[in-house]
Amino acid sequence: MEHDQAVDQMKQDIEKEVSKQQLVGDLESTSVLKSVYAEDDSVYQAKIQEIEKGFSKIRRIRQDGNCFFRSFGFSLMEQLLANKSEIDKIKPSLEAVKTDLIAMFGYPEMTVEDFYDNFIEVLDKLKEEETDLDYLLKTYQDSGLSDYMVCFMRLIVSAELQRNAEFYINFIGSKYPTIKSFLSEEVEPMYVESDHMHISGLSGCLDVKVVVQYMDRGKKVLEHKFQEGSPINVTVNLLYRPGHYDILYA
């Protein structure tokens with residue numbers, strides 16, 4: 001009993017600390033990562049130096065399990081804000097997702113359209129000349145609005161994996177007998193961490209190029225690229241550390 005109480009208290013303390021983090025942080029030098037690890041941690045300190053060679057800035061994201069989706073969404077929209085002509089290239093994929101979720105997969109029409117409309121509203125706002133980065137930051141730093149964006153992106157992944165169930169079923173492991181059972185536990189719920197399949201599903205559905213720098217205790221930083229042939233002039237650059245994603249800037 002005492003052990004359980006100690007574990008619960010630890011979880012509460014961690015959640016309290018996480019809640020203090022900004023949902024989407026300010027732009028910082030990548031050198032800030034050096035302070036995250038011990039000075040004598042030669043593995044990570046060396047890898048941070050490697051990251052710094054290709055990326056000068058980082059935008060840190062709250063470590064709440066939604067970090068991949070928030071990182072992807074903000075980075076995508078930040079670049080669309082600077083490349084407004086690319087916005088309409090994204091919309092047909094979003095419309096198709098909405099249609100398939102309702103017509104093919106039986107999701108509640110009102111719920112799907114609510115998330116979809118919110119996402120489209122932000123994209124349309126990015127087209128306006130007076131819209132600036134401050135608007136986007138306020139949107140993603142507002143927990144209600146930001147979580148709406150994350151919810152819809154989770155549904156995008158769900159739709160893409162269901163469309164290609166015969167392919168993705170090979171990667172979910174024996175724990176889940178069907179794609180649907182995997183989605184209900186690992187994709188659609190909020191605060192559940194993401195992995196390779198989530199990135200593949202989201203980037204594949206929207207045809208957006210994603211480049212992830214994987215920084216762990218392996219020999220070197222590994223780079224993974226998704227949708228390299230995308231016609232959309234956007235590249236979402238992410239840093240992955242075990243269990244977490246942040247946004248990188250060259």
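Taking a ≥ b ≥ c as the square roots of the Cα gyration tensor eigenvalues, with a/c under 1.5 meaning rounded and otherwise prolate when a/b beats b/c, else oblate, which class fits the range 192-234? It comes out oblate by the Cα gyration axes.
Span-like helix check, the chain: qualifying full DSSP H segments, with Cα axial length of 20 Å or more and mean Kyte-Doolittle of 0.5 or more, are 67-82, 143-163. Between the beta carbons of K91 and L133, assuming R0 = 22 Å, the FRET efficiency works out to 0.55 to the nearest 0.05.
Within the listed set D41, D142, D216, the residue fluctuating most in the Gaussian network model of the chain (springs between alpha-carbon atoms under 10 angstrom) is D41. Normalising by residue count, the range 132-250 has a Cα convex hull of 137 Å³ per residue.
Largest GNM mean-square fluctuation across Y140, Y176, Y240, computed for the chain with C-alpha springs under 10 Å, falls on Y176. The residues of the chain present an accessible area of 50 Å² per residue when probed at 1.4 Å with all protein chains retained. Projecting the Cα atoms of S93, Y191, T235 onto the dipole axis of the chain, where Lys and Arg carry +1 and Asp and Glu carry -1 at the beta carbon, places T235 farthest toward the positive end.
Over the residues of the chain, the helix contribution to mean residue ellipticity at 222 nm works out to -17000 deg cm²/dmol, using -39500 (n - 2.57) for each DSSP H run of at least 4.
Which aspartates and glutamates, on any chain, are close to K89 with Cα under 20 Å apart, when same-chain ones fewer than 8 places away are left out? Within the straight-line limit of under 20 Å, K89 reaches these aspartates and glutamates: E78, D100, E113, D117, E121, D124, E128, E129, E160, D207, E228. Think of each Lys and Arg Cβ as +1 and each Asp and Glu Cβ as -1; about the Cα centre, that makes the dipole of the chain roughly 800 debye. Once neighbouring chains are kept in place and the probe is 1.4 Å, which whole percent of the accessible area of the range 82-125 is contributed by carbon and sulfur? About 53 percent, which is the carbon plus sulfur part of the accessible surface. Of all DSSP-defined beta bridges confined to the chain, some 75% are antiparallel rather than parallel. From the square roots a ≥ b ≥ c of the eigenvalues of the alpha-carbon gyration tensor of the range 81-195, which class results: rounded (a/c under 1.5), prolate (a/b over b/c), or oblate? It is prolate, given that a/c is not under 1.5 and a/b is the larger ratio. How are the C-alpha pair distances of the chain spread across 10 Å bins, as whole percents from the shortest bin up? For the chain, the binned pair fractions read 7, 29, 36, 22, 7, 1 percent. What the Cβ-Cβ distance of E185 and S29 gives, at R0 = 45 Å and to the nearest 0.05, is a FRET efficiency of 0.75.
The values are calculated or read from the model by the stated rules, or taken from the named source; none is laboratory data. The shown structure was predicted, so the numbers you read here are calculated from the model rather than taken from an experiment. For neighbour counting, all protein chains shown are included, and Cβ atoms are generated from backbone atoms with ideal geometry for every residue, glycine included. These area figures cover heavy atoms from the full protein model, side chains too; ligands, DNA and RNA do not enter into them. Shrake-Rupley method; radii C 1.70, N 1.55, O 1.52, S 1.80 Å.
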